[in-house]
Amino acid sequence: MSWRSFVAVGDSFTEGMDDPYPVGGVYRGWADLVATRLAAEVGPDFRYANLAIRGRLFPGVVSEQVPVALAMRPELISFAAGGNDALRRNFEPAVLIERFDRVVGELRDSGADVLVFRFAGSGLAKLPGQRMIATRVAMLNQAVSDTAERRGAKLVDLNADEEFRNPLLWSVDRLHLSAIGHRRVAAHVLNVLGVGCDEEWLLVPPRPEPSPWLAARAADLRWAGRYLAPWVKRRITGRSSGDLISAKRPTLAPVEPEAASGT
C-alpha cells in the first residue's frame, strides 16, 4: 500500500533530536527519513507534515497536535508520546494509558493507518533513577502493544531491538537518539509499512569498549553539568525546552529532494 500523506505527531523523538541537518538549525530524524522514502514510492503527489515539538508532555501533544493532524485527514499518522511524562515525579500511568488508547482509537476512526512505538528502554540505562524510569517505560510499552492490537494500529517495536543498547545510537545527552539511531528507527518503521529502505540505515558501528572507572565518572560529571542541571532547572521553573519552538513542518507539503539524504 502507498500512503499519499503522512503526519507525524509527538515530542523530541519525532521532531528528530539529535539528528541535525547539515545546515539550517533544524533536526531531521526518523520521520523525515520515512517521509522521503514514501515520497519516492508515491511521487510528487505525496505530502508530509511534522507537528512534533520537543519537551511536549502527553496532554500537550493530544490537545495541540492531534486535532490539527485529524483536520489534515492524512492517510498515515505516527503517534509517539508519553516518554517525557514518564520522567516526571507526578506521572500517573493509569490516566495516561487510558487516554493513549482513546487517542489512538480516535486517530484510527478517522480512517488513517496509525503507527505507534514501543520505546527502546535499554537506552535509558545511564540516566539517574533509571530503574524507576525503566519500570514506567515497560508499563507504557505494554499499553502500546495492547492498544495496537485492540485498535488495529501498526506497532514499531524498538524495545525488541538489542542494538539500541549500543551507546552510539544515542546522543551525548543520553536521552535522544543520534543520527545513527534515527536511521535505524526509520528502517524499522519502513519495514513495518512493508516499504524497503536503504540497507545502510540498519548498519550499526561496533559498541565501544567500556571506559575506565575514573574516565566514566568524569564523563558523568560533565554530562550532569551540561544536560542534567539545565533539565532540573527547567523542572523547577516550570519551563520546557520546547517553549519557544514551533512545528518544523506545520502543514502538509511536498518533501523537498534536499531533505531526502539519509547521510
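A few notes on this one:
- Selected residue (only one of Phe13, Phe100, Phe58 is aromatic (Phe, Trp, Tyr) and over 27 Å from Ile236 (Cβ atoms)): Phe100
- Helices (runs of 4 or more DSSP H) enclosed by region 152-253 - at least 2 residues per element that are surrounded by 13 or more Cβ atoms within 10 Å (Cβ to Cβ), in contact with a Cys (Cβ under 9 Å, 6 or more places away or on another chain) and at pLDDT 95 or above: 179-193
- In region 102-118, the qualifying residues are those that are open to solvent by 10 Å² or more (accessible area, probe 1.4 Å) and over 18 Å from the mean Cα position of the chain (by Cα), and the one that is nearest to Asn141 (Cα to Cα) is Arg102.
- Reported count of residues in region 1-42, each being over 18 Å from Gln65 (Cα atoms) and aromatic (Phe, Trp, Tyr), is 4.
- Selection status of Pro67, open to solvent by 20 Å² or more (accessible area, probe 1.4 Å), more than 20 Å from Arg151 (Cβ to Cβ) and not in a strand (DSSP E or B): no
- Residue in region 36-45 that is touching a helix residue (DSSP H, G or I) at 6+ places or on another chain (Cβ under 7 Å), open to solvent by 10 Å² or more (accessible area, probe 1.4 Å), under 27 Å from Glu200 (Cα atoms) and not polar (S, T, N, Q) present: yes
- For the residues Val34, Val68, the requirement of being among the β-branched types (Val, Ile, Thr), at pLDDT 95 or above and within 24 Å of Asn159 (Cβ to Cβ) singles out Val34.
- Selection within region 9-35 - charged (D, E, K, R) and open to solvent by less than 20 Å² (accessible area, probe 1.4 Å): Asp11, Glu15, Asp19, Arg28, Asp32
- Matching residues, region 30-64, being in a helix (DSSP H, G or I) and among the β-branched types (Val, Ile, Thr): Val34, Thr36, Val42, Val61, Val62
- Unmet requirement for Trp3, which otherwise passes all of (1) open to solvent by 20 Å² or more (accessible area, probe 1.4 Å); (2) part of a loop (DSSP other than H, G, I, E, B): (1)
- Residue check, Val195 among the β-branched types (Val, Ile, Thr), more than 17 Å from the chain's Cα centre (by Cα) and farther than 30 Å from Arg222 by Cα: yes
The values are calculated or read from the model by the stated rules, or taken from the named source; none is laboratory data. All values derive from a computational prediction rather than experimental measurement. Cβ coordinates were reconstructed from backbone atoms using ideal geometry, including for glycine residues, and neighbour counts include every protein chain displayed. SASA here: full protein model, heavy atoms, side chains in, ligands and nucleic acids out. Shrake-Rupley method; radii C 1.70, N 1.55, O 1.52, S 1.80 Å.
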